[in-house]
1. Does segment 138-193 hold any residues that are among the β-branched types (V, I, T), within 20 Å of the chain's Cα centre (by Cα) and either part of a strand (DSSP E or B) or surrounded by 21 or more Cβ atoms within 10 Å (Cβ to Cβ) (or both), and which are they?
2. I need every pair where a residue in segment 165-183 that is under 18 Å from N50 (Cβ atoms) has its Cβ under 6 Å from the Cβ of a residue that is of a type in the set (S, T, N, Q) and assigned to a loop (DSSP other than H, G, I, E, B), sequence separation at least 6 or different chains.
3. Would you mind stating whether S8 is among the small types (G, A, S) and at pLDDT below 85?
4. For P83, are the conditions met, namely being loosely packed, with under 14 Cβ neighbours inside 10 Å and either among the hydrophobic types (A, V, I, L, M, F, W, C) or in contact (Cβ under 8 Å) with a residue 24 or more places away in the chain (or both)?
5. Going through segment 85-104 one residue at a time, which ones are of a type in the set (G, A, S), within 24 Å of A131 (Cβ to Cβ) and part of a loop (DSSP other than H, G, I, E, B)?
6. Are any residues in segment 70-113 hydroxyl-bearing (S, T, Y) and more than 12 Å from I138 (Cβ to Cβ), and if so, which ones?
7. Is segment 100-122 home to any residue that is within 30 Å of L184 (Cβ to Cβ), polar (S, T, N, Q) and either surrounded by fewer than 13 Cβ atoms within 10 Å (Cβ to Cβ) or in contact (Cβ under 8 Å) with a residue 60 or more places away in the chain (or both)?
8. Considering each of P180, P151, P158 in turn, give the residue that is of a type outside the set (G, A, S) and within 30 Å of M34 (Cβ to Cβ).
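The values are calculated or read from the model by the stated rules, or taken from the named source; none is laboratory data. Remember, it's a predicted structure, so these values are computed and weren't measured experimentally. No Cβ is skipped: glycine too gets one built from the backbone with ideal geometry, and neighbour counts run over all protein chains shown.
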Amino acid sequence: MISKNGHSRLRKWGANQSGATALEFAIVVPVFLMLTLAAIDLALLSYRLNQAQAAARIGARIAIVSPIIATSMAEFDTSGYAPGTSIPVADIPAQVCGGRSDGAFECSSGPADTTTANLVLDRVRQVLPDADASNLQIAYTYTGLGAVGNPIGMDFEPLTTVGIVSLKYVPLSSRLFGSPTVNLPIRTVTLTGEDLS
């Protein structure tokens, strides 16, 4: 049984609210800061993804008006085909060209035109300054477009796909708390290479 004196002390202790505000503040502020940090990280991640997509779009626009980077495709001999006809799709294999960390470019079936590849990379860097050769992938897929004997361009017109690959995002929280980086998905843009020279 609680004595009358003890009961009044308990009531006084329960009525004392002098530290309640500080306690509520201590509970709410960390949660609010974590939510704010998460919102900032999501906004920065969205910006990074959009930046990579814009870089792929600019790279594709430059790639379709530049010489084909895949040397074996650019030097494909069309002399055995009748003028005005399309080359069979099976005769021109797809080519994937990519950069290495040392800055060199190579294609799936041989060497790459590094001059054109570096031109595309320079334009990509205007939007994505930290991109290097290993972040750039250019693929050519022939789908039957074009005609042998084209007097103003190539005899075939491949689809040109520029991809931004192996890109990472370092969240703000990882800079503060050491959490891991995020590998971004590949961002690609495909355009018809009808203006290839």
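1. Initially, segment 138-193 is screened for residues among the β-branched types (V, I, T), giving 138, 141, 143, 148, 152, 160-162, 164-165, 170, 181-182, 186, 188-190, 192.
Next, from what is left, pick out any that are within 20 Å of the chain's Cα centre (by Cα): 138, 160-162, 164-165, 170, 181-182, 186, 188-190.
Hits for segment 138-193 are I138, T160, T161, V162, I164, V182, T188, V189, T190.
2. The qualifying pairs are K168/T181; V170/T181.
3. Numbers: among the small types (G, A, S): yes; at pLDDT below 85: yes.
Yes; evaluated as a whole, the condition is true for this residue.
4. Details: loosely packed, with under 14 Cβ neighbours inside 10 Å: yes; either among the hydrophobic types (A, V, I, L, M, F, W, C) or in contact (Cβ under 8 Å) with a residue 24 or more places away in the chain (or both): yes.
Spelling it out, P83 is indeed loosely packed, with under 14 Cβ neighbours inside 10 Å and either among the hydrophobic types (A, V, I, L, M, F, W, C) or in contact (Cβ under 8 Å) with a residue 24 or more places away in the chain (or both).
5. Pass one, segment 85-104, residues of a type in the set (G, A, S): 86, 90, 94, 98-99, 101, 103-104.
If we keep only those that are within 24 Å of A131 (Cβ to Cβ) too, we end up with 94, 98-99, 101, 103-104.
Answer for segment 85-104, where residues must be of a type in the set (G, A, S), within 24 Å of A131 (Cβ to Cβ) and part of a loop (DSSP other than H, G, I, E, B): A94, S101, G103, A104.
6. As a first pass, look at segment 70-113 and keep what is hydroxyl-bearing (S, T, Y): 71-72, 78-79, 81, 85-86, 101, 108-109.
Result: T71, S72, T78, S79, Y81, T85, S86, S101, S109.
7. Residues of segment 100-122 that are within 30 Å of L184 (Cβ to Cβ), as a first pass: 100-122.
Then keep just the ones that are polar (S, T, N, Q); that gives 101, 108-109, 114-116, 118.
Cutting the leftovers down to either surrounded by fewer than 13 Cβ atoms within 10 Å (Cβ to Cβ) or in contact (Cβ under 8 Å) with a residue 60 or more places away in the chain (or both) gives us 101, 115.
Yes, there is a match, as at least one residue in segment 100-122 is within 30 Å of L184 (Cβ to Cβ), polar (S, T, N, Q) and either surrounded by fewer than 13 Cβ atoms within 10 Å (Cβ to Cβ) or in contact (Cβ under 8 Å) with a residue 60 or more places away in the chain (or both).
8. P180 is the lone residue from the list that is of a type outside the set (G, A, S) and within 30 Å of M34 (Cβ to Cβ).
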